[in-house]
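The values are calculated or read from the model by the stated rules, or taken from the named source; none is laboratory data. Model, not experiment: these values are computed from the prediction. Every residue, glycine among them, receives a Cβ derived from its backbone with ideal geometry; neighbour counts consider all protein chains shown. These accessible areas exclude ligands, DNA and RNA; they are computed on the full protein's heavy atoms, side chains included. Shrake-Rupley method; radii C 1.70, N 1.55, O 1.52, S 1.80 Å.
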Amino acid sequence: MKQRNHLTTRTNQPASLAKPILIGAGIALIVISFFVFGVDEPHLEWGKFWMVRPLIITPLAGAWVVHFTHLWIIRAPAVSTEPWRFS
């Protein structure tokens, strides 16, 4: 009688995490662009380059949210049934 091994190994795929992060940052950039470029007359106290900060911070925040959502919701159930507990 032959004994069969049905072992599967999970490989760590960092490229699979980069794609959702870039998609989240792109969506955030598109959304904030509608608001930033929709302003016709900005307040004078905002400064000359007032639109630079939201165009940088919002895509970073979108990428951060997608990154942790991907880790906690998509990857964690495959690793553990209780993702909030650290070993």
Item to check | Listed peptides 48-56, 17-25 by packing density, highest first (mean Cβ within 10 Å) | outcome: 17-25, 48-56
Checklist entry - How do His70, His43 stack up against each other in accessible area, from largest to smallest, with a 1.4 angstrom probe? => result His43, His70
Next on the checklist: If R₀ is 41 angstrom, what is the calculated FRET efficiency for the pair Lys19 and His43, using the beta carbon separation as r and rounding to 0.05?
Outcome noted: 0.60
Checklist outcome for this item: Quick calc: nm separation of the 7 Å Cα→Cβ label points for Val31 and Ala61 -> 0.9
